[in-house]
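Chemist: Structure in structure tokens, see below.
Here, each number is a calculation from the coordinates, and none is a lab measurement. Here the structure is a predicted model, which is why all the values come from computation and not from measurement. With ideal geometry, Cβ positions are generated from the backbone for all residues, glycine too; neighbour counts draw on all protein chains shown.
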Amino acid sequence: MNNVCEEQVFSSIFKANSKTVFNYIYYKFGNEEKAHDAVQEAFVKLWENCAKVMPEKAKSYLYTVANNLYLNVIKAEKVRLKYAKPTLDISNESPEFLLEEKEYQQKLDNALSSLPENQRTTFLLNRIDGKKYAEIAEMEGVSVKAIEKRMHLALKALREKIDGI
Amino acid sequence: MQENYLAKWLSGELSEQELAEFKKSAEYASYQKLREVSGNLKAPEFDVDQALTQLKEERIGNAPKVIALNPFKKFLRVAAVIAVLLAGSYFYVNTLDESVTTQFAERSEVVLPDNSEIVLNAGSRISYSEKNWNQERNVTLTGEAFFKVAKGKKFTVSTEQGTIAVLGTQFNVENREGFFEVTCFEGLVSVSFNGNETKLPAGTSFVAIDGKVMDSSPPNTTQPTWVNNESSFERIPLGYVLDELERQFNIEVNTENVDKNLLFTGTFSNTDLKMALKSISTPSRMNYKIEGDNVLFYAEKTP
């Protein structure tokens, strides 16, 4: 049961990783359609090479393939991120507060769009997907320290953008 | 404050002291707000099950067939190569001529597809095409052989020096370097030599030495003598007699002060070397010495 070619193993890898692969590509390029395609392409590649890829290596294989597939294609395209607006748990807030929140989110969206791709991906993988720095480092194929650096720079840049410094 | 402290703060890795220091800073509130709001961000909807179904139906649905076919394709490739090789070698082997070769001091009998018989003398080779035998009865000969040809279509013996064509008879062909002899024992043999055709009726021979046709006396046997383990010569230069001696006994013959053009008439045994040496040396007035596989003939001292 440790062969990626087995349909059950493949399906479980898909269920465990497809969402993150989708997000990963989406954070990088801000294109939902391309992110969907990336998931399909990456998993087709994995299936075609199922005999060569060990199950434990499947995850990093997927990220590498997904990244390679769309890195060159979308590099030049302008990034436009649109996140589903966070639904506020407390709805009995004052209109002023809600407006303020809305403005803040607008600023955050803009700030995120203007971040370098690798900082944005690191930041969002951590904030949205709750990935630890070590996990992101593995996905990106860099050291944990490099991820910490990206995170630090991302936080710094976002605050400066939002606070208008 | 340590390197990348913002990242460390977000992952809760700051020490208490560092955290307290960071909290006092002016930007802390902004970062706190950023952490709160970004924690509520969401990525676009992604339906895992739907994506998996789509993947299986649209993309992978066909893939297993391809994968399953691969080893078969490989097998087919190998099978095709083997089939081609087998067919090729079959045709090649079929077109190859059958051939029989005898070494020195060796004789061989060959029965052809039409029951014609060939007796090969020592140091000779024949080849013929078994496949085309019904269309063309043709044997290529180097050396000496006795033929008993079954009646039928034209039977030809090709040699470097001449071609012999017959219908059904018994004859002997000797085709050695510089020496060409055909003897007919039964029926009629047609010999073409240097473009001239000679008809040999039963009991006659045709001899050519160094391209010159020689007179020859008719054989007085019904088979060549070598078939009965004797080599007979009728006014043949001594050099060819000694060559035959070498072939029959697989020895090396050397001469000293001997005229090899001297004509020899006589017979020697193909089985008894001492008898054969005597048979040759006495009428030619020679002496001989045997050293292993070497025989030296030398002229008898004239008294």
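Chemist: Evaluate the Kirkwood expression for the hydrodynamic radius of the stretch B:74-121, namely the inverse of the mean inverse distance over all pairs of different C-alpha atoms, and round to one decimal in Å. Spell out each step's value before the answer.
Modeler: Details: mean 1/r = 0.0716 Å⁻¹.
Across the stretch B:74-121, the inverse of the average 1/r is 14.0 Å.
Chemist: If you only keep lysine pairs separated by 8 or more in sequence, or across chains, how many in the stretch B:74-155 come under 21 Å at the Cα atoms?
Modeler: Working: B:Lys131/B:Lys148; B:Lys131/B:Lys151; B:Lys131/B:Lys153; B:Lys131/B:Lys154.
Counting lysine pairs in the stretch B:74-155 gives 4.
Chemist: Given contacts defined as C-alpha pairs under 8 Å and at least six residues apart, what's the relative contact order of the stretch B:108-240, whole-number percent? Mind dumping the intermediate values first?
Modeler: Values: 295 pairs, mean separation 20.1, N = 133.
Reported as a whole number, the value is 15 percent.
Chemist: Now, a different point. Ranking B:Ser284, B:Ser124 by Cβ neighbours within 10 Å, fewest first, what do you get? List each step's numbers first, then the result.
Modeler: Values: B:Ser284 19, B:Ser124 25.
Exposure proxy ranking, most exposed first: B:Ser284, B:Ser124.
Chemist: Determine, for each peptide in B:76-88, B:219-231, B:239-251, the mean count of other beta carbons within 10 angstrom over its residues, then list the peptides with the highest first.
Modeler: My ranking of the peptides, most packed first, is B:239-251, B:219-231, B:76-88.
Chemist: Here is a further query. Once the Cα gyration tensor of the stretch B:176-303 is diagonalised, what are the square roots of 5 times its eigenvalues, in whole Å and ordered largest first, as equivalent ellipsoid semi-axes?
Modeler: Taking √(5λ) for each Cα gyration eigenvalue gives 29, 16, 12 Å.
Chemist: Can you give the average number of partner chain beta-carbon atoms within 10 Å of each beta-carbon in peptide A:148-160, as a whole number?
Modeler: Details: counts 9, 3, 2, 7, 8, 3, 5, 12, 5, 0, 5, 6, 2.
Counting Cβ atoms of other protein chains within 10 Å of each residue's Cβ and averaging gives 5.
Chemist: Still on this structure: Which one of B:Thr156, B:Thr221, B:Thr282 is farthest out on the positive end of the charge dipole of chain B, using unit charges on Cβ (Lys, Arg +1; Asp, Glu -1) and the Cα centre as origin?
Modeler: B:Thr156
Chemist: Moving on to the next point. Given the DSSP H assignment, sum -39500 (n - 2.57) over each helix run of at least 4 residues in the protein assembly as shown and divide by its residue total; what's the result at 222 nm in deg cm²/dmol, nearest 500?
Modeler: Details: 14 runs with 209 residues, N = 468.
The helix-only estimate for the protein assembly as shown comes to -14500 deg cm²/dmol at 222 nm.
Chemist: When the Karplus curve 6.51 cos²θ - 1.76 cosθ + 1.60 is applied with θ = phi - 60°, which whole-Hz ³J(HN,Hα) does each residue of the stretch B:7-20 get, with x for Gly and Pro?
Modeler: Calculated HN-Hα couplings, in order: 5, 5, 5, 4, 8, x, 9, 6, 6, 4, 5, 5, 4, 4 Hz.
Chemist: If you count, for each residue, the other Cβ atoms within 10 Å and average over each peptide, how do B:205-216, A:97-108 line up from highest to lowest? Don't skip to the end; give the middle numbers.
Modeler: Numbers: B:205-216: 15.7, A:97-108: 13.8.
So the order, starting with the most tightly packed, is B:205-216, A:97-108.
Chemist: Once amide H atoms are built 1.01 Å from N in the peptide plane, which residues 5 or more positions from B:Asn250, or in another chain, come under 5 Å H to H?
Modeler: HN-HN under 5 Å from B:Asn250: B:Ala105.
Chemist: State to the nearest 20 debye the size of the charge dipole of the protein assembly as shown about its Cα centre, where the only charges are +1 on K and R beta carbons and -1 on D and E beta carbons.
Modeler: Numbers: 56 positive and 65 negative charges, 301 e Å.
Charge dipole, the protein assembly as shown, about its Cα centre: 1440 debye, nearest 20.
Chemist: Hey, got the dipole for the stretch B:178-270? About the Cα centre, +1 on K and R Cβ, -1 on D and E Cβ, debye to the nearest 20?
Modeler: Numbers: 5 positive and 13 negative charges, 51 e Å.
Approximately 240 debye in magnitude.
Chemist: Could you tell me which residue out of B:Thr183, B:Pro201, B:Ser38 lies farthest along the dipole of chain B toward its positive end? Charges go on the beta carbon: Lys and Arg +1, Asp and Glu -1, centred on the Cα centre.
Modeler: After comparing all options, I get B:Ser38.
Chemist: What fraction, in whole percent, of alpha-carbon pairs in chain B exceed 31 Å separation? Before the final figure, lay out the partial values.
Modeler: On the way: 26040 of 45753 pairs.
Roughly 57 percent, rounded to a whole number.
Chemist: Kindly write out, for the stretch A:129-135 in residue order, the coupling ³J(HN,Hα) from the Karplus curve 6.51 cos²θ - 1.76 cosθ + 1.60 (θ = phi - 60°), rounded to whole Hz, with x marking Gly and Pro.
Modeler: Taking θ as phi minus 60°, the curve returns 8, x, 6, 6, 4, 4, 5 Hz for the stretch A:129-135.
Chemist: Sequence gap at least 6, Cα distance under 8 Å: using those rules, report the relative contact order of chain B to the nearest whole percent. Walk me through the intermediate numbers first.
Modeler: Working: 481 pairs, mean separation 24.9, N = 303.
Reported relative contact order: 8 percent.
Chemist: I would also like to ask the following. Taking the protein assembly as shown as the region of interest, what is the percent of Cα-Cα pairs per 20 angstrom bin, listed from the shortest bin to the one with the maximum distance?
Modeler: 18, 25, 9, 8, 17, 17, 6, 0
Chemist: Another question about this same structure. Shielding by partners for A:38-45, please: the mean number of other protein chain Cβ atoms within 10 Å of each residue's Cβ.
Modeler: Details: counts 0, 6, 6, 2, 1, 6, 5, 0.
Partner-chain Cβ atoms within 10 Å, mean over residues of A:38-45: 3.
Chemist: Give, as a single signed number, the net charge of other residues whose beta carbon lies under 15 Å from the beta carbon of A:Val144, with Lys and Arg counted +1 and Asp and Glu -1. Numbers along the way, then the final one.
Modeler: Details: positive: A:Lys131, A:Lys132, A:Lys145, A:Lys149, A:Arg150, B:Lys8; negative: A:Glu135, A:Glu138, A:Glu140, A:Glu148, B:Glu3, B:Glu13.
Around A:Val144, the surrounding residues sum to 0.
Chemist: A further question on this structure: What is the Cα centroid distance between the stretch B:113-181 and the stretch B:41-57, reported in whole angstrom?
Modeler: If we compute the Cα centre of each part, the gap is 86 Å.
Chemist: In chain B, if the dipole is taken from +1 on Lys/Arg beta carbons and -1 on Asp/Glu beta carbons about the Cα centre, which of B:Ala29, B:Thr267, B:Ser116 is farthest to the positive end?
Modeler: It is B:Ala29.
Chemist: Once phi is turned into ³J(HN,Hα) by the Karplus curve 6.51 cos²θ - 1.76 cosθ + 1.60 with θ = phi - 60°, what whole-Hz value does each residue of the stretch A:29-38 show in order, with x for glycine and proline?
Modeler: 3J(HN,Hα) across the stretch A:29-38, in whole Hz: 10, x, 10, 5, 4, 5, 5, 4, 4, 4.
Chemist: Turning to a different aspect of this structure: On C-alpha positions alone, give me the angle between the axis of helix B:238-249 and the longest principal axis of chain B, in degrees, nearest 10.
Modeler: So the inclination is approximately 50 degrees.
Chemist: Follow-up question, since we're still on this one. From the mean inverse distance of alpha carbon pairs (Kirkwood) and the Cα radius of gyration, derive Rg over Rh for the stretch B:134-186. Don't skip to the end; give the middle numbers.
Modeler: Numbers: Rg = 10.6 Å, Rh = 11.1 Å.
Ratio of gyration radius to Kirkwood radius for the stretch B:134-186: 0.95.
Chemist: So if I average 1/r over every pair of distinct C-alpha atoms in the stretch B:206-253 and take the inverse, what Kirkwood radius in Å does that give? Numbers along the way, then the final one.
Modeler: Working: mean 1/r = 0.0824 Å⁻¹.
Roughly 12.1 Å, rounded to one decimal.
Chemist: Net charge near B:Arg107, counting Lys/Arg +1 and Asp/Glu -1 over other residues with Cβ under 12 Å of its Cβ?
Modeler: Summing Lys and Arg as +1 and Asp and Glu as -1 gives -2.
Chemist: What is the sum of charges, Lys and Arg at +1 and Asp and Glu at -1, for the other residues whose Cβ falls under 15 Å from the Cβ of B:Phe22? Don't skip to the end; give the middle numbers.
Modeler: Numbers: positive: A:Lys156, A:Arg159, B:Lys8, B:Lys23, B:Lys24, B:Lys33, B:Arg35; negative: B:Glu3, B:Glu13, B:Glu16, B:Glu18, B:Glu21, B:Glu27.
Charge balance near B:Phe22 sits at +1.
Chemist: Further question: Given charges of +1 on the Cβ of Lys and Arg and -1 on the Cβ of Asp and Glu, with all other atoms neutral, how large is the dipole of chain B about its Cα centre, in debye to the nearest 20? If you can, show how the numbers build up before the last one.
Modeler: Values: 31 positive and 41 negative charges, 134 e Å.
Magnitude of the dipole: close to 640 debye.
Chemist: Within 10 Å of each Cβ of A:27-35, how many other protein chain Cβ atoms are there on average?
Modeler: Numbers: counts 1, 0, 0, 0, 0, 4, 0, 0, 3.
Rounded to a whole number, the mean comes out at 1.
Chemist: Next up: Taking H as built 1.01 Å from N, whose amide H comes closer than 5 Å to the amide H of B:Val139, not counting residues under 5 places away?
Modeler: B:Thr156, B:Val157, B:Ser158
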